[in-house]
Each structure stands twice: as structure tokens, then as C-alpha cells.
Amino acid sequence: MATRQLRELNAWLEQRIQERTQDLEVANAQLTKLALQDSLTGLANRIALLKRLEQAIERTKEDAMYQFALLFLDCDRFKIVNDSLGHEVGDALLISIAQRLGQILKPGDLLARLEGDEFAIFLDQIEGIWTATQMAEYILHQIADPFCLPEQMVFINASIGIVLGDAQYEKPEHLLRDADTAMYHAKAAGKAQYRIFDATMYRTALRRLQLEMELRQAISERQFILHYQPIVDLQTGTVAGLEALVRWNHPTRLISPAEFIGVAEEIGLINEIGTLVLREACHQLRNWQKQGLVESHLSVSVNLSAYQFAQPDLMEQILQILAETELEPHCLKLELTESAIMQNADSATQILRDLRQHQIQLSMDDFGTGYSSLSYLRSFPMDYLKIDRSFVQGLDKTVKELNLVAVIAAIAQTMEMKVIAEGIETPAQLAHLRSLNCDLGQGYLFSKPLLAHQIIDLLRVESEKLRVQNSQF
């Protein structure tokens with residue numbers, strides 16, 4: 001009896017163990033699936049994609065004829081959809097994109113959602129790079145068709161980076177990195193495009209990363225210095241103001257703003273640099289005033305980026321800097337581009353009016369290169385209109401440029417704004433501008449941008465010339 005009961009007990013225990021084992025296997029399978037699957041779209045996730053890429057890399061080392069490709073897709077302007085229509089619509093759009101992309105893949109390919117609005121497409125057993133480019137073109141065409149979501153139709157585009165897999169790759173992460181790099185080049189080229197990765201892109205990305213790191217260090221160590229370019233009264237030849245131009249005093253070389261301003265804007269450092277420039281320019285001019293080195297009417301011009309102009313506490317920052325430096329507001333001239341104003345068109349008028357109410361001078365920079373609409377120009381209170389150097393450079397070459405500058409000067413004069421011409425390099429250009437009654441100008445004909453002490457030397461020389469001329473009368 002005891003033996004039979006013992007056998008029954010063992011049988012019951014074995015059955016329970018088997019059931020538990022099966023439960024564990026099911027649970028483990030479910031966990032594995034969850035670990036490899038995107039929760040929103042049901043697609044493969046980054047981990048699953050990396051596993052598939054690892055297998056493909058191993059196969060290229062065993063089979064010289066095997067080729068594969070990876071496409072990195074990022075939706076253009078997806079943030080606008082999220083911000084304007086809400087995250088529910090954004091999620092619905094991602095699901096619809098996943099479904100549309102899934103329908104165009106062949107067996108063996110893999111579609112994965114990486115994060116946010118980023119997708120990756122693994123193309124298995126391709127004949128060559130043209131297979132990947134044809135797929136990219138087809139995807140761009142498919143994505144461009146409207147997505148009919150519940151109670152909402154959404155239009156969107158995408159940018160695609162392509163990398164061809166080969167035996168030289170050792171890690172799947174490197175494939176993903178290179179496809180991502182190519183995708184950013186596609187975005188930079190104008191979006192809704194694709195680009196194929198090459199080694200030049202990687203070197204460029206490394207230089208860019210190095211520049212970002214050094215730029216952050218430059219801000220913390222205050223490696224930026226200002227040069228000042230004289231703004232001259234074209235009728236009298238006297239210096240009426242100075243434009244503050246930032247330079248990066250890198251440990252190995254002096255870097256012009258053309259090389260780093262764009263990067264600073266992209267990584268969110270432009271406001272810090274802009275604030276540094278504004279504070280230093282105001283501080284420098286006030287010091288010169290206290291020392292009696294400059295005339296009281298002299299102003300300093302500082303460029304204001306679109307990012308700075310969009311800051312909600314812009315006015316507070318400017319007034320605080322003026323208070324700290326004890327500079328009178330009318331001695332500060334802020335230069336804004338047309339695009340900077342139009343990017344913030346809804347609030348621009350009020351901001352500009354507030355600035356003028358505090359007696360801060362305003363100048364529209366690079367006029368003629370952007371919107372150049374009289375309707376909006378009439379709405380925005382400006383003191384100066386600055387003619388872009390590209391028009392000034394052509395003054396002594398074509399009648400067309402001369403007529404265009406004449407029109408811009410006439411517009412400014414009609415609206416009771418003074419005209420500043422930049423990039424003056426020849427006496428002929430100066431003569432043309434004087435004949436058009438342009439008020440002010442700057443350029444290498446007068447002086448290149450100079451360091452603070454060099455500017456003071458230049459002003460002293462100018463002052464001495466005027467003294468001699470006055471003594472002759």
C-alpha cells in the first residue's frame with residue numbers, strides 16, 4: 001500500500017513539474033517576444049534588429065557572394081504632428097507607417113522600429129546597391145501618400161540613409177551608426193531624400209562630434225572673443241558705430257562664426273554664445289565711454305539669432321545686461337535677419353515694439369535675401385535696413401544690381417529707415433552707394449573687423465584727421 005501511494009505521489013509530482021516547466025517555457029517565450037518586439041507597432045525592436053544584423057555579418061564572412069543592406073528611416077517634421085495634433089494621432093500615424101512599410105517587404109527582410117519616429121529596414125540577399133536605392137525611392141513614394149487616420153488626414157515625408165553590408169563590418173552597431181549618419185546627410189540635403197553612406201560621411205561625423213565637444217568646452221572656458229568692424233557714415237566718412245563679430249579663439253587657431261554657429265544652433269548652445277557676445281559688446285562700449293575713448297553717439301551692433309529672438313525672456317535678458325554694464329539702451333543696436341523675424345512672426349511685432357520702447361535700435365540684416373515683403377516690413381518697426389553684401393558686390397558689375405540696391409534704398413527711405421550697406425570693397429561701390437543716398441556702410445574698403453585695442457587706434461587716427469581738417473577752416 002505504501003509503495004502504491006509512493007508511486008502515485010511521484011507521478012503527481014512529475015506531472016506538476018511538467019506543467020510548471022511548460023508554464024515557464026511559455027512565460028519565457030512571451031518574455032523573449034516582448035524583449036524583441038516594439039510595444040506600439042508590434043514590429044521588431046532595436047535588439048531584434050541587431051541580432052539579425054549580427055547573423056548577416058557572420059554570413060558575409062562565410063559567403064563572399066552574399067550581400068545585404070540596411071535602411072535607416074526618420075520621419076520629417078514628425079514633432080510638428082505630435083505637438084499640433086497630439087500624441088494619440090502621432091502614435092496612430094506610427095502604426096500606419098509600420099503597416100504600410102510592412103506590406104512592401106519580401107520574405108527574409110526585417111522591419112524594425114527603433115525609437116520615436118525612427119524605423120530600420122533590413123534587406124536580405126540583395127543583388128547590389130541599386131536594389132537598396134530602388135527600395136528607398138519606392139518607400140519615399142509610399143510614405144508621401146496621405147495617411148487617413150480616424151477623423152484626421154496626415155501628410156508626412158521621410159529621410160533615408162542606406163548602408164551596404166559587407167565582411168568589413170565587425171559589429172551590427174556600426175552598421176546602424178553609418179546608416180544613421182547617411183540619414184542625417186539626407187535631411188541636410190533637403191529632406192524627403194535618401195543618401196548612401198560612404199567613408200567621407202563618417203570622417204565628417206567624427207569631426208562634427210569633436211567640434212561639438214570642443215564647442216562646449218569653449219563656452220565653459222570663455223574662449224570667444226569679439227572683433228569690431230566700423231560702420232561709417234557714407235557722406236562724412238566718420239565712424240558712426242561698430243558691429244561686434246564673434247570669433248572662437250580655439251587653442252590652435254582662430255575660428256570664424258561660419259564654422260561653428262550652425263553647429264551651436266543645432267545642439268542648443270547658440271543662446272549661451274549670443275548672451276556672451278551681447279554682454280561683452282555692451283561692457284566694452286561702456287568701458288570705452290567711461291575712458292572717454294569714443295563719442296557718446298557711437299553705437300554697438302549685435303546680431304541676434306532666430307533662437308535668441310524666440311526666447312520668452314529675451315527682453316528681460318537684454319535689460320539685465322544693459323543694467324549690469326550701465327550702457328544706455330540707445331547705444332545698443334540689435335541686428336535680426338528676415339528669417340529670424342518670420343520664424344517668430346506671430347510675436348515679432350510686439351517684441352520689436354517693446355525693444356523700441358526701451359530706445360534699443362533695431363536693424364534688419366541681409367535684406368533682399370529672404371522674404372523681402374513690403375507687407376510685413378511695414379508691420380515691423382525697424383530703424384535700419386541692411387543691404388546684403390551679395391548685392392553690394394555686384395554694384396560695379398551689372399546695372400541689375402545697381403537698380404536693385406536703388407529700389408531697396410528707396411523702400412527704406414519711404415519708410416523712414418536708414419540704409420546700411422555691407423561688404424563695401426571698392427571705391428566704385430562706395431560712389432554708387434553715395435549716389436543712391438545710402439546712409440551708412442561697412443566693409444574692407446574702410447576696415448576689416450579688428451580687436452578692441454586696434455579699433456581704438458583706428459578711432460584715434462580718424463579723430464586726428466578730423467581735428468586737422470577743422471583747423472584748416
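The values are calculated or read from the model by the stated rules, or taken from the named source; none is laboratory data. Everything numeric in this text was worked out from a predicted model, so none of it was measured. Here Cβ is always computed from backbone atoms with ideal geometry, including for glycine, and neighbour counts include all displayed protein chains. All accessible areas refer to the heavy atoms of the entire protein, side chains included, with ligands and DNA or RNA removed. Shrake-Rupley method; radii C 1.70, N 1.55, O 1.52, S 1.80 Å.
What to note about this one:
- Charge sum, other residues only, whose C-beta stays under 13 Å from MET201's C-beta, Lys/Arg counted +1 and Asp/Glu -1: +3
- R0 of 56 Å, Cβ-Cβ distance VAL407-GLN168: FRET efficiency to nearest 0.05: 0.45
- Ligands, DNA and RNA aside, ARG353 has an accessible area near 120 Å² when probed at 1.4 Å.
- In nm, spacing of pseudo-spin labels at TYR138 and GLN223 (7 Å Cα→C-beta vector): 4.9 nm
- Reduced Cα scattering model of the stretch 108-252, Debye log10 I(q)/I(0), q = 0.21 Å⁻¹: -1.32
- Distance between modelled label sites at LYS61 and GLN235, nm, 7 Å Cα→Cβ extension: 7.9 nm
- Subset of LYS51/LYS106; LYS79/LYS386; LYS191/LYS418; LYS187/LYS333; LYS290/LYS386 violating a 27 Å alpha-carbon distance limit: LYS79/LYS386; LYS191/LYS418; LYS187/LYS333; LYS290/LYS386
- The stretch between ARG4 and HIS283 holds 90.5 nm of extra length on full extension. This uses 0.36 nm per residue minus the Cα-Cα distance.
- Probing with 1.4 Å while keeping every protein chain in the model, the per residue accessible area of the chain equals 53 Å².
- Taking all protein chains together and a 1.4 Å probe, the residues PHE155, PHE224 rank PHE155, PHE224 from largest to smallest accessible area.
- For the pair ARG434 and HIS358 in one chain, pulling the backbone fully straight at 0.36 nm per residue adds 24.2 nm over the alpha carbon distance.
- Considering only beta bridges that DSSP places wholly inside the chain, some 60 percent are antiparallel.
- In the assembled protein chains, ARG279 presents an accessible area of approximately 80 Å² (probe radius 1.4 Å).
- Ligands, DNA and RNA excluded, the heavy atoms of ARG247 present near 40 Å² of accessible surface to a 1.4 Å solvent probe.
- Volume per residue of the convex hull around the Cα atoms, evaluated for the stretch 38-91, comes out as 87 Å³.
- Burial ranking of peptide ranges 311-323, 90-102 (average Cβ count within 10 Å, highest at the top): 90-102, 311-323
- Summed residue charge, Cβ within 13 Å of GLU170's Cβ, Lys/Arg positive, Asp/Glu negative: -2
- Size-normalised alpha-carbon gyration radius of the chain, reference 2.2 N^0.38 Å: 1.39
- Accessible carbon and sulfur surface of the chain relative to its total accessible area, %, 1.4 Å: 52 percent
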